[in-house]
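Trainee: Below are the structure tokens for one structure; questions will follow.
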Amino acid sequence: MQDSQVLIPCILAIFYASLLLNGTYVIFVYVRFLRLKTPSELAQDADLPPLSVLIAARNESENLYELLPKVMEQDYPCFEVVVVNNQSTDESIWLLKAYEHQFPNLRIVQLEKSRHIRPGKKLPLTLAVKAAKFDHFVFTDADCIPSSRNWLRTMAQGFVQSKEIVIGYGPHRKKQGFLNRLIRFDTAFIAINYCSFALLGLPYMGVGRNLAYSRKVYESVGGFKSHYHLVSGDDDLLIQQAAKQRNYTVQIAPEAFCYSDAHTEWFRWKLQKARHFSTSVRYNVIKKSLLGIYPLTMWLVAISFILLCLTSNVGFYGIGLLGGVVLLKWAVLGSGLRKLKEPGLAVFFPFWELVYALIIPMLYLSVIRKAANKW
């Protein structure tokens with residue numbers, strides 16, 4: 001009896017403190033994302049710098065067949081496209097050579113197969129940077145498609161404003177199925193996070209599907225040299241090193257989206273998340289701590305609420321406060337999802353957040369367990 005008299009106040013304190021911190025986090029971090037404005041007018045041709053669009057591709061002949069014409073038809077005064085054919089064994093080289101005759105601003109870098117080449121995109125992207133004629137780069141993946149003919153013009157808006165880095169967004173195409181919706185929620189929620197943190201002055205990542213920066217920034221951090229041994233990190237770790245003193249901007253105008261297909265198999269998505277987790281452990285302590293506040297407080301609220309319900313100590317005030325925070329998150333993060341053109345996910349935001357909060361920790365633990373077993 002005495003134990004319960006001590007324990008219940010502690011649980012109540014954890015419940016209320018975590019709930020208030022979770023709601024405060026939403027207000028001070030995620031509301032900033034809603035204030036992010038998209039450009040009302042695009043820059044004139046004379047103000048736009050020449051661009052090098054850099055693509056690393058491996059066995060992507062079918063995707064390149066769709067992507068390259070879409071890139072080449074961009075409404076942009078001066079740009080080139082550099083494709084690094086990374087050890088492909090399909091028909092990529094023949095397709096690229098055919099396109100080379102059709103598009104004079106297409107350049108091909110052939111990377112032959114070798115057992116000495118590390119997996120990942122860092123070597124191909126390094127070669128692409130070296131081959132690029134211009135000093136402002138736009139990166140995308142071979143399986144992406146720009147959402148409009150103004151993709152390059154909208155992304156380059158940041159360079160016109162004297163920024164060195166433009167952090168874009170790469171959503172997934174809408175298809176039927178639970179996994180597709182979950183991956184789209186994951187992608188959009190991560191985007192809300194990295195955009196919000198960038199607006200706070202704490203940029204920690206971009207996405208390689210849609211990212212732009214200058215040669216000056218790339219060379220200032222030595223390219224991918226400091227994390228070359230990692231498969232991932234060409235987008236997040238480089239951004240953390242290079243984005244300083246507000247030399248970056250965020251671009252989420254729908255005209256600047258680059259769409260790709262989400263994984264259709266759980267196993268493939270798990271592998272992708274494992275690669276992301278492998279680089280996230282290298283984030284600095286401050287960013288890891290700040291990124292951990294939201295999920296940690298969610299779990300503390302959930303566990304303490306269940307314990308209070310089991311002991312009939314939750315109270316009307318506690319339920320009311322919980323409902324208020326849920327509505328706050330629904331309003332703010334739901335609006336964020338709509339801003340990223342995901343209205344269907346916004347309508348059922350509480351459900352998807354609950355599912356997400358359950359699945360992501362399980363994926364993370366399975367990755368850690370697998371790594372421990374290998375060791």
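The values are calculated or read from the model by the stated rules, or taken from the named source; none is laboratory data. Just so it is clear, the structure is predicted and the values come from calculations on it, not from any experiment. Note that each Cβ is placed from the backbone with ideal geometry, even for glycine, and that neighbours are counted across all protein chains shown.
Trainee: Assess whether residue 52 counts as being among the small types (Gly, Ala, Ser), buried (at least 16 other Cβ atoms within 10 Å of the Cβ) and touching a Phe, Trp or Tyr at 6+ places or on another chain (Cβ under 8 Å). So that I can check it myself, show each step before the final result.
Mentor: Numbers: among the small types (Gly, Ala, Ser): yes; buried (at least 16 other Cβ atoms within 10 Å of the Cβ): yes; touching a Phe, Trp or Tyr at 6+ places or on another chain (Cβ under 8 Å): yes.
Judged against the criteria, residue 52 is a match.
Trainee: If I filter region 243-276 down to residues being part of a loop (DSSP other than H, G, I, E, B) and within 16 Å of the chain's Cα centre (by Cα), which single residue comes out as nearest to residue 223 (Cα to Cα)?
Mentor: From region 243-276, those part of a loop (DSSP other than H, G, I, E, B) are 243-247, 251-253, 257, 261-265; that's our starting set.
From what's left, within 16 Å of the chain's Cα centre (by Cα): 243, 251-253, 257, 261-263.
Numbers: 243: 13, 251: 23, 252: 25, 253: 28, 257: 25, 261: 28, 262: 28, 263: 29 Å.
The extreme case among them is 243.
To keep it simple, each residue is scored yes or no on (1) modelled with pLDDT under 95; (2) in contact with a helix residue (DSSP H, G or I) (Cβ under 8 Å, 6 or more places away or on another chain); (3) not small (Gly, Ala, Ser).
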{"position": "81", "(1), (2), (3)": "no, yes, yes"}
{"position": "84", "(1), (2), (3)": "no, yes, yes"}
{"position": "95", "(1), (2), (3)": "no, yes, yes"}
{"position": "99", "(1), (2), (3)": "no, yes, yes"}
{"position": "106", "(1), (2), (3)": "no, yes, yes"}
{"position": "110", "(1), (2), (3)": "yes, yes, yes"}
{"position": "120", "(1), (2), (3)": "yes, no, no"}
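Trainee: For residue 177, indicate whether it is of a type in the set (Gly, Ala, Ser) and surrounded by fewer than 21 Cβ atoms within 10 Å (Cβ to Cβ). Before the answer, list the steps.
Mentor: Values: of a type in the set (Gly, Ala, Ser): yes; surrounded by fewer than 21 Cβ atoms within 10 Å (Cβ to Cβ): yes.
In short, yes.
Trainee: Same structure again: Among the residues that make up region 74-86, is at least one of them of a type in the set (A, V, I, L, M, F, W, C) and either more than 27 Å from the chain's Cα centre (by Cα) or not assigned by TED's automatic domain parsing to the domain that holds residue 140 (or both)? Can you show your working first?
Mentor: Within region 74-86, the subset of a type in the set (A, V, I, L, M, F, W, C) is 78-79, 81-84.
With either more than 27 Å from the chain's Cα centre (by Cα) or not assigned by TED's automatic domain parsing to the domain that holds residue 140 (or both) added as a condition, the list becomes 78.
Yes.
Trainee: Right, residue 194: over 25 Å from residue 290 (Cα atoms) and not in a loop (DSSP other than H, G, I, E, B) or not?
Mentor: Against the criterion (over 25 Å from residue 290 (Cα atoms) and not in a loop (DSSP other than H, G, I, E, B)), residue 194 does not qualify.
Trainee: Somewhere in region 201-210, is a residue in a helix (DSSP H, G or I) and either surrounded by fewer than 17 Cβ atoms within 10 Å (Cβ to Cβ) or not assigned by TED's automatic domain parsing to the domain that holds residue 156 (or both)? Let's see the steps before the verdict.
Mentor: Kept after step one, since they are in a helix (DSSP H, G or I), are these residues of region 201-210: none.
No, region 201-210 has no match at all.
Trainee: Next question, about the same structure. Hey, does region 56-64 have a residue that's over 19 Å from residue 135 (Cβ atoms), in a loop (DSSP other than H, G, I, E, B) and among the basic types (Lys, Arg)? Steps first, answer last, please.
Mentor: Let us first name the residues in region 56-64 that are over 19 Å from residue 135 (Cβ atoms), namely 56-64.
Adding the requirement that they be in a loop (DSSP other than H, G, I, E, B) leaves 58-60.
Filter again for among the basic types (Lys, Arg), leaving 58.
Scanning region 56-64, I find at least one residue that is over 19 Å from residue 135 (Cβ atoms), in a loop (DSSP other than H, G, I, E, B) and among the basic types (Lys, Arg), so the answer is yes.
Trainee: Another question, if that's okay. Please go through region 220-250 and pick out each residue that is in contact with a Pro (Cβ under 8 Å, 6 or more places away or on another chain) and more than 14 Å from residue 197 (Cα to Cα).
Mentor: First, pick out the residues of region 220-250 that are in contact with a Pro (Cβ under 8 Å, 6 or more places away or on another chain): 231, 239-240, 243, 248.
Result: 231, single match.
Trainee: Among the residues of region 278-326, count how many are within 30 Å of residue 231 (Cβ to Cβ), part of a loop (DSSP other than H, G, I, E, B) and either in contact with a strand residue (DSSP E or B) (Cβ under 9 Å, 6 or more places away or on another chain) or not hydrophobic (A, V, I, L, M, F, W, C) (or both).
Mentor: 3
Trainee: Looking only at region 152-169, which residues are touching a strand residue (DSSP E or B) at 6+ places or on another chain (Cβ under 7 Å) and buried (at least 21 other Cβ atoms within 10 Å of the Cβ)? First the steps, then the outcome.
Mentor: Our first condition is that a residue be touching a strand residue (DSSP E or B) at 6+ places or on another chain (Cβ under 7 Å); within region 152-169, this holds for 152, 155-156, 158-159, 161, 163-168.
Residues satisfying the conditions are 152, 155, 156, 158, 159, 163, 164, 165, 166, 167, 168.
Trainee: Could you say which residue among 225, 216 is free of Cβ contacts under 8 Å to residues at least 40 places away in the same chain, in the same structural domain as residue 165 (by TED's automatic domain parsing) and surrounded by fewer than 22 Cβ atoms within 10 Å (Cβ to Cβ)? Walk me through it before giving the result.
Mentor: Values: 216 fails: free of Cβ contacts under 8 Å to residues at least 40 places away in the same chain.
The unique qualifying residue is 225.
Trainee: Return yes when residue 63 is touching a helix residue (DSSP H, G or I) at 6+ places or on another chain (Cβ under 6 Å) and surrounded by 14 or more Cβ atoms within 10 Å (Cβ to Cβ) and no when it is not.
Mentor: Values: touching a helix residue (DSSP H, G or I) at 6+ places or on another chain (Cβ under 6 Å): no; surrounded by 14 or more Cβ atoms within 10 Å (Cβ to Cβ): yes.
So residue 63 does not fit the description; no.
Trainee: OK, next. May I ask you to list the residues in region 78-134 that are buried (at least 16 other Cβ atoms within 10 Å of the Cβ), in contact (Cβ under 8 Å) with a residue 60 or more places away in the chain and among the charged types (D, E, K, R)?
Mentor: Scanning region 78-134 gives 121, 122.
The rows are residues; the columns are (1) farther than 19 Å from residue 299 by Cα; (2) in contact with an Asp or Glu (Cβ under 7 Å, 6 or more places away or on another chain).
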{"residue": "9", "(1), (2)": "no, no"}
{"residue": "16", "(1), (2)": "no, no"}
{"residue": "22", "(1), (2)": "no, no"}
{"residue": "27", "(1), (2)": "no, no"}
{"residue": "32", "(1), (2)": "yes, no"}
{"residue": "49", "(1), (2)": "yes, no"}
{"residue": "63", "(1), (2)": "yes, yes"}
{"residue": "68", "(1), (2)": "yes, no"}
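Trainee: Could you check, for region 141-163, whether at least one of its residues is without any contact (Cβ under 8 Å) to a residue 40 or more places away in the chain and among the hydroxyl-bearing types (Ser, Thr, Tyr)? Explain how you work it out, then say what you get.
Mentor: Here is the first cut: in region 141-163, the ones without any contact (Cβ under 8 Å) to a residue 40 or more places away in the chain are 162.
Filter again for among the hydroxyl-bearing types (Ser, Thr, Tyr), leaving 162.
Checked region 141-163: at least one residue is without any contact (Cβ under 8 Å) to a residue 40 or more places away in the chain and among the hydroxyl-bearing types (Ser, Thr, Tyr).
Trainee: Looking only at region 65-95, which residues are over 17 Å from residue 144 (Cβ atoms), part of a helix (DSSP H, G or I) and touching a strand residue (DSSP E or B) at 6+ places or on another chain (Cβ under 6 Å)?
Mentor: 93
Trainee: Within the set of pairs 6+ apart or on separate chains, which have a first residue in region 284-312 that is not assigned by TED's automatic domain parsing to the domain that holds residue 240 and polar (S, T, N, Q), a second that is loosely packed, with under 12 Cβ neighbours inside 10 Å and assigned to a helix (DSSP H, G or I), and C-beta atoms under 9 Å apart?
Mentor: 304/13; 311/4
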